[in-house]
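Have a look at the structure below before the remarks.
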Amino acid sequence: MVVSQEELPAVADAAHAVVREAKDAGVWVFGGGIDESVPPVMVDGDGTVTEGTYPQTRRIEGGYTVLELPSHEAAREWAAKIAAACRCAQEVRAFQYDPAS
């Protein structure tokens, strides 16, 4: 969903309120929008740089929010709050932690 210019201030206020709530709850790790003015590049293991991105990610809108939560259910609950604030569906993914790092 594309948010109109008129709706943008209300969406920003609602999103910032969810961020404050996540920080107050102690679950906030990181969040930010994608800077669409900087084109994506792919960097290979030998340092070769190619303009563009993976085909399946050509169209990513918005940004990312990283929360540290106790369960997938909690992640879905927070995603619902973010979706309501941003007025668009949210994809939920889990990080696979590397115990060696």
Debye, to nearest 20: dipole size of the stretch 4-101, +1 on Lys, Arg Cβ, -1 on Asp, Glu Cβ: 240 debye
Report relative contact order for the chain in percent, whole number only (criteria: Cα-Cα under 8 Å, sequence separation at least 6). 32 percent
Pairs of alpha-carbon atoms within less than 8 angstrom and 6+ residues apart define the contacts here; what relative contact order does the stretch 20-76 have, in percent? 42 percent
Cleavage-rule hits, trypsin sites (Lys or Arg not before Pro), the stretch 1-59, DSSP coil, Cβ neighbours within 10 Å at most 12: Arg58, Arg59
Ellipsoid semi-axes in whole angstrom, largest first, where each is sqrt(5λ) of the Cα gyration tensor of the chain: 26, 21, 12
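Each reported figure results from applying straightforward, stated rules to the coordinates on display, with no laboratory input. The shown structure was predicted, so the numbers you read here are calculated from the model rather than taken from an experiment. Note that we place each Cβ from the backbone using ideal geometry, even for glycine, and neighbour counts take in every protein chain shown.
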